[in-house]
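Take a look at the structure below.
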Amino acid sequence: MDQDWFEKFSRDWKSEKIKRNPVRSTALKSVGYDPVTREFEVEFGSGSIHRYAEVPPELAKRFAKSKSI
């Protein structure tokens, strides 16, 4: 396994804050995007938070503006 890849994704991501904005959804509470790291974060109604790496800015923008969230 590539060591650079491992170091990039093994850091404590919860300590790196991404500002999330509330969304009107039955399943989600909030979403946020960091254009510098290209990470997209989703907070679900249950309180669990998922962060996705290498998300293109256009995709994050489309998701955040989607009427189906």
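The values are calculated or read from the model by the stated rules, or taken from the named source; none is laboratory data. Everything numeric in this text was worked out from a predicted model, so none of it was measured. Ideal geometry is used to build each Cβ from the backbone, glycine not excepted, and the neighbour counts take in all protein chains shown. Each accessible area value is taken on the protein alone, full model and side chains, heavy atoms only, with ligands, DNA and RNA left out. Shrake-Rupley method; radii C 1.70, N 1.55, O 1.52, S 1.80 Å.
What the table shows:
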quantity: Hits in the range 34-48 - residues which are among the hydrophobic types (A, V, I, L, M, F, W, C) and free of Cβ contacts under 8 Å to residues at least 12 places away in the same chain; calculated: Val36
quantity: Residue pairs meeting the criteria (Cβ under 9 Å; at least 6 apart or on separate chains; first farther than 11 Å from Glu43 by Cα and among the aromatic types (Phe, Trp, Tyr), in the range 17-33; second open to solvent by less than 40 Å² (accessible area, probe 1.4 Å) and part of a strand (DSSP E or B)); calculated: Tyr33/Glu39; Tyr33/Phe40; Tyr33/Glu41
quantity: Qualifying residues in the range 48-69 (those that are part of a loop (DSSP other than H, G, I, E, B) and among the β-branched types (Val, Ile, Thr)) - the one farthest from Glu16 (Cα to Cα); calculated: Ile69
quantity: Selected residue [under 17 Å from Lys17 (Cβ atoms) and in contact with a Lys or Arg (Cβ under 8 Å, 6 or more places away or on another chain)] from Gly32, Gly45; calculated: Gly32
quantity: Any chance Val36 is among the hydrophobic types (A, V, I, L, M, F, W, C), modelled with pLDDT under 95 and buried (at least 17 other Cβ atoms within 10 Å of the Cβ); calculated: no
